Structures are given as C-alpha cells and as structure tokens.
1. Helix 442-462 versus the longest principal axis of the chain: what angle, 0 to 90°, nearest 10, using Cα atoms?
2. With a 1.4 Å probe and every protein chain left in place, work out the accessible area per residue of the chain in Å², rounded to a whole number.
3. Hey, could you get me the Stokes-Einstein D for the chain, Kirkwood radius over alpha-carbon pairs, 4 °C and 1.567 mPa s, rounded to whole µm² s⁻¹?
4. Based on DSSP H runs of at least 4 residues, each adding -39500 (n - 2.57), what is the mean residue ellipticity at 222 nm of the chain after dividing by all its residues, to the nearest 500 deg cm²/dmol?
5. Could you put Trp563, Trp78, Trp125 in order of accessible surface area, largest first, with the 1.4 Å probe and the full protein assembly present?
6. Pull up the cross-link candidates among the aspartates and glutamates for Lys175, meaning alpha carbon to alpha carbon under 19 Å and not fewer than 8 places away within one chain.
7. Probe radius 1.4 Å, ligands and nucleic acids left out: which of Met256, Met442 has the largest accessible area, and how do the rest follow?
8. Order these peptides, 86-96, 845-855, by their mean beta-carbon neighbour count within 10 angstrom, highest first.
Amino acid sequence: MALNQQSGRVFDAVVVGAGFSGLYMLHRLREAGYSVRVYEAADDVGGTWYWNRYPGARCDIESIYYNYTFSKEILNEWTWSSRYAEQPEILSYINFVADKLDLRRDIQFKTRITAARYNEENRNWEIRMDDGTSVVTEYFITALGCLSSSNIPKIKGLDSFKGEMYHTGRWPHKKVDFSSKRVGVIGTGSSGIQAIPVIAKEAGHLTVFQRTPQYSCPAQNHPLEEEDIRKTWENYDETKQLMRYSQHGVPYGPRMRSALEDSPEERERLYEKAWQEGGLFTLTYNYNDIAMLPESNETAASFIRSKIKQIVHDPEVAQKLMPTYYYATKRPIIDTNYFETYNRENVSLVDIKAAPIMEITPDGIKTTDNEYELDVLVFATGFDAMTGPLFKIDIRGKNDVSLKDKWADGSELKTYLGLATSGFPNMFMLTGPQSPSVLSNMMVSIEQHVDWVADCIDYLREHHLEAFEATEKAEAFWSQQCHAIADMSLLTKTDSWYMGANIDGKPRGFLAFAGGVGLYRIICDDIAARGYEGFTSVLAHDSTDDSKVKEGFFMSNIDPQAWFILKQLESAGAPPMELLTPELARMGDFSLLAGAPEEVAKVENRTIPVPEGEIPVRIYTPAGEGPFPALVYYHGGGWVIGNLDTVDVPCRMLANRAGCVVVSVDYRLAPEHKFPTAAEDSYAAAKWVAENAASIQVDPERIAVGGDSAGGNLAAVVALMAREQGGPSFAYQMLIYPVTNHAYDTDSYRDNAEGYFLTKNTMVWFWNHYLRNEEDGQNPYASPLLAEDLSGLPPALVITAGFDPLRDEGEAYAERLKAAGVPVEVTRYDGMIHGFFWMPGVLAEAHNAINQAANALKQAFSAVKTI
Ligand code: N01
C-alpha cells in the first residue's frame, strides 16, 4: 500500500511487451477509451521478431495467414514476398502496423518491468520499472510472448570461451561474420535447423552438436504472387472464420481418416506428395491420428527417416540424424536444405548424446571423446518456455504471494483458460500457459486473447466490477482439463519444451491447451456469455448499483475428458438426433471415440436364425483352449441406431480381458421393427448361443448377457424372458447404464436433460420409435423396472454414469434386484456421460469400466465353475 502512494501515473491498463500481442492489446484498449501504457525492454516494437535475428530466421506458418486479421484495411495494405517470410520482413510488417495505428506514442521502450504487486485495498497493481520508477494500473496485462526467455545451458567453463558467443533468441543487430571461421552450433530445434544451412554456406567449418535428432520436412518456400494473396483473402470473413475455428489457426485441417486405414502404398503416395508440397501441417494433416496412435505416428515417422536416409550421403551421419521419438510431439519443423547441409565438406555432426559435452574451454568444446576448436559458438538451445518470461518479473498477487512460488515451487502450474490465475486479480496473461498459443498460428491465438480480454474489461466497467479473479475451483478444473487432453495424445510421451523438460528443475507437465484454437474459442466465449463463469469479482467501492455482488461459480464435476468430448461434439455442430431421420442418424460415425481396435485371436461375422428371419452376429474368440465362457452382448443406440461396429472395440477388450467368447448381436432396429422385435431377437440370439455352444467353443453353463444403454435394457429383458420362458440359465447380467423404464421423471432426467451427449429429447425420440403404443411402455419386456418380481435373476453388474439422464433408472433397477435377493455390484462413474463405455479411445474411465466389467465377468464365470 505504501508503495502505491509513492507511485507515479495511474493507468487503466499496463501492458508488458510490444510484440504482436502487446501492440494489438494497446490498440483495442486505446480505441475503447482506456488509458494504456506499454513497457518494452527493447528499443523498438517486434517482440520475438525483434530478438530472433539469427541467420535463416523465418516464420513456419505461411505468411499469408501470419497476419493480424482484425482490420481488413491493414490486411489489404500489406503484401508478403514469399510463402514463409524472413524475420526482417515480419519485423517490417510489425513496424508498418505500429506506424499505421500510431502505437509508439503509448509505448515506453528500453524499459524492463521488474516487479508487479497487487494492492488488495485499492484493487490495483503497482508496476515497477528497472529505471526505479513505478506506476499504478487497474489491469496488469502480460504480453511477454511464450518463447522470450532464452535458455543458455549452464555448461562448465562457459565464461572461459575466448571466441564469440551468441544465442539465436538474442541475436545482435549487426551482421555476424562467419566467413572462414570455425563455428559450432549447439541445438537442433527449429532455430538451429533454420540457422545451420545458412551458417554452413559462410563458415570455414561448421560443427553441429546434436543432442536429439529431429524430424524436419522441407518448407518448399517460394515467392508469393500478389494474386495468390488477393485470392486467399477474397473471402475475408470466411477465411478468418475458418482459421478461428480450426485446430491450429490455419483455414484447413486434417483429413478425417486414420493412417491405418490406408494401404502402405497409399500412405507413401500421400506422404511423398506432402513432402513435395512442403509446409508445417501438410504431412500430418493427411490423417487425423498421427499425434494420437503410436502405430499411425510410426507411419509418418518412418517415412521421414527414409527421406533422411535418401538425402544424406554418409550412412553413418544419416543414422545419427534419424529421430526416434513420436513425430510431431515436439514442434514440427520445416527447413530449407537442412539434411542436405550434412553433405557439405565443411560440415560435421557430433552426437552429444553418445559423447556428451564435458566443458567449454577457451578454445572450443570438449566432449567425452574429443575436442573441437571453435571461433564462434552459437547456442540454438531454445527457451524457458511459457512460464519463464513471467517468472522474470517479480509478480506478487494477494497476500504478497509470488507467481513463481505459486507455480514453481514443485506445485502444479494452474491457470484458468491460460488467461488468469487465482490470487492474482485483474491480471491477464496473453497467450499464457495452458492456452493453445504455441500449438497454433500465434496470430489467431493472440487476436482471440486480446479480444476476449478487451471485452472482459468492458464488461467489468459496465457492471462496476473490480478485483476480477479466477477461482481456485475453476483453475483446478482447467488445469486438469489441459492435462487430460494432452494425455489423450502422444504429446506427453516425449521430453520436450512443451513439457518443461528442456529446463533443469522445471516441474514437468504439459504447458498448453491441446484441444485446438476453435474449441478453445468456443469455451472462452461460452464462459464469457455466462457472466464470466469461474471468475469472482466485487462491486466497485463507488458503485450505486445495488445488485448482488457477483459470485464466482463453476460448472460441474464432470470428468475433463468427457467435457472435452462434449465440447468437441458441440463444436462439430451436428443437429440433435431427434431432428434427423433414423436413416441419417444411423450414419453418425463415432469410431474415433472408440479408439484403435485391439487384436483378438479370432473374429467371425455370421448370421444366426431368429423368429421370422436372420440377424448378423460377430463372434470374438479369445486366445487359448475352449470351451470358453461367453458374453452375449447387445449394443446401445435406443433400439434405433447402433450396430456391431459401434461396440467392436469394447467387445474385443472384454473378450481379451474376461477370457470369454463375446457374441455381439445385431438385433433388428426400430422403427422398421418395433417392440418387441429387438427383445425377441436378443432372446433368440442368447438361446442360439446356448444351443450351439459347442460349435463356437462355448461352455453352455457359463453364459452371461450384457449390453449398454438400450442394449443393457435388452440384456435385462433377456434375463427376464429366460427366467419366464424356460431358460437358458445365465451366469451373469452386465448392465451398462441400462434403460429400464419408459418414464422421464427422475432427478437424473431433470439434471441431465441436455448437454451431456444423450438428451431427454433424444431418449423420447428413441422410445417413440421403439414402442408401438403407450401400453408397450408398461410391458416389463420394454421397462424391466416395472416387472413385478425380479427374484431368481442372474447376479448383476450395474454401471451408471453421473451425467446421464438414465443414471437413476439404472440405479433403481439395481436396488430392485438387490431387494429381490439378486447379488448386485453397482458402480456410478461420477464424472461420466452416457455412452462412455464405448469411448476408450478418448476416456480413461472407459478403460476402467471395461476392466471392471471384465473382472466381474471373470469372477461370475469362475463362481459357476466351482459349483
Ligand atoms: O529451441 P528448441 P528452438 N545441451 O527448444 C538443444 C519456435 N521457433 O529455439 O532436443 C545440448 O526447440 C535441444 O536438444 P534436446 C518453435 O515453436 C519457431 O529451436 O532438448 N543441447 C534442441 O535440439 C520452436 O519449437 C520458429 O535434446 C541442448 C535445441 O537445443 C521454439 O521456438 C523458429 C541443451 C533447442 O531446441 C523453440 O525452438 C525458431 C544442452 N544443455 C523457433 N539444451 C519458426 O519457424 C537444449 N539443447 C517460426
């Protein structure tokens, strides 16, 4: 507080950094009438593009999309000379925008902010500069860039080197002369790979010290015609929208196909085409699972390795250059003649993983097996990413707690949306940790953050709100969400700077939001539209508004992975099922959610007889000697949709894990075949399994029935039918969030009526297609919960999902079974949504539920055996 009183000027907002994000933030806030001051350590605008002047520095996003898009006029006034612009041209663009918008008058250059302290009483920030001055501001906005804190590894003897030393991220303004010199480059990330071919052309000799070989594809850079630029932006609004709602901030995305679906020849053809076309995403966008499935990843990785082998003449050098980590789990790299450079006489490669650097000597580098004399040493060793730039400022929030202590002291990094963090009111982090930022075209992420923050500040002013702060609950949810999403992919399986793994002592954890810029935008907009859910604020002291103090609140305890799936489905914009015809509804493909099918010893498709016809079944037989126990499985889909493929993955998993034959039944669907056809087909299928047990290696004494959703309904009904109609006798019933009653009057129907995958309206639509009339709904073969007597039924497992309209009727059925003396294991998966059982590709809880079901089956089968 004392500091506050001594402070100088007062601003509405202080922005740190005059790169792309700081400049646009200044523009937005100034246009809205706020007083803003930007502080910048450099002597001019540019941020990343001011500092990274190393030879070969250029953009890896096509320049045509590496623009501000907020102003059509600015966009139209600028022309890029090549597909991937070089650093000087990008810096000129930034200068052009700064001039055009007259931004410099509110920027104080050559000033580093050293400390920022929140004053709880005054609800504002005091900002201190390295010249000893300070100012006060209501909003403190960091626009520091994600990669601005250079990492120079602490190698023994570093200061003893007599030659010149440079870091790519702090390159001098004067031209560095490499001619005839012995140059060493440490690091082969994006910076190293851009710099190496250029330095090699000039240097007497270049020695590259490589710790990890990298995948890199050709940029295939070329001059850009004005006509190309004009055409791209002809449909300005549309292109902008495509970029904004995409995965990575470019107006295109991956092909919706698994790499494993194509033949090796077709994959090779597509990868080769991508190699020739060049670009950051071209190769990976051939398929949508390269960053998800190890097998798919390997198809791309091995293609790039084969290219390295072709390009590099010396097989030993080629071998050293071949990466083995999962492709695209570090930032993919595009280059110009990188691998070709190793064919030059004046370039040598040193594998410092095999023979690590021991020390830097006055004359060069000493590794465990050699000494290299150098005149110039270039560190292309990257950055302390995302959190590093924030930690360079002594930022202190409520109770004088420093941000560094909050995050760095072994405790987990926690932000809300990557924009804010609890305990630090009125502080916004542009492209902060846990936002998509570095995983995207930064221009798209920057504009989205700036717009969101500017709108938020407007909202707070309008509503006389102050001390705007993320709640701990919200940031815990978001952080969990970020980890969960990253864990769905291969991104967390590699040591990278995304994981904080490049900095000694930095806590490990994925530092960004990997769900894509489009989904992220939807989430941020959604939160804003709900009155900034997950944030608290208080009424201004001078407010005459007597409305209630705004409380922070936060959604639900839904599992972050499930929430992510819901948001993705929402953003796909598919119409509600009940607005479709059954034929159209059946075309929905959710195979990505199911994940990769695992091998089962034998899978056979065949048809079996049912009254008045035949139906397909798929029989999964596990490895080993039969006879096996069996599970007759009925898929879900409200008796209207779904097929054998929908549950292929869980059926395989159950067969392997429970060691049983799984007979998956494709009963006839409504409305073509209304009640009781599905039930009768299902019963007939179970009887067929019992009667033909020997022919399919099944022990007829150990047969269980099971299913999910409407399939759970059918399994329960088949158990009832068998009891009432003379068998067979089943060892178990496995009911996964079963439909048990034609009624909509439970709490779970009320709480989860919409927003959680299966809606009440869809369920009504299903029932209406299934039943012939209202009376059918009272029939226990449609609504087993209404059966008068449930005694004598097989032991049961009932699994329900917390966020499912069917939760309560499933649990009610379990209770009734128990009351009737049937042994029942009932488990509610609290954070889960309906359908989760067949989503093991994206939900960890699906694996848990499948494992639980398999164990329960195994136990039930062994109990029969011992009788
Ligand atoms: O840094 P990096 P970068 N001893 O961290 C090695 C963006 N960018 O500046 O992989 C020896 O990727 C390290 O080895 P390893 C882009 O997002 C964009 O190149 O940790 N070696 C690695 O080889 C990019 O991802 C463009 O085993 C050490 C290298 O140094 C990000 O910036 C251009 C070491 C560091 O690679 C960072 O790229 C440039 C040590 N102690 C950058 N420490 C565009 O095209 C580290 N290394 C827009």
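The values are calculated or read from the model by the stated rules, or taken from the named source; none is laboratory data. Just so it is clear, the structure is predicted and the values come from calculations on it, not from any experiment. Because the Cβ atoms are built from the backbone with ideal geometry, glycine has one as well, and the counts that use them run over all protein chains shown. The protein model used for the area step is the full one, side chains on, heavy atoms only, and it has no ligands, DNA or RNA in it. Shrake-Rupley method; radii C 1.70, N 1.55, O 1.52, S 1.80 Å.
1. With rounding to tens, the tilt is 80 degrees.
2. Counting only protein heavy atoms, the per-residue value for the chain is 39 Å².
3. Stokes-Einstein gives a translational diffusion coefficient of 43 µm²/s.
4. -10000 deg cm²/dmol
5. From most exposed to least exposed: Trp78, Trp563, Trp125.
6. Asp43, Asp44, Glu86, Glu89, Glu164, Glu202, Asp375
7. Met256, Met442
8. Highest to lowest by the protection proxy: 845-855, 86-96.
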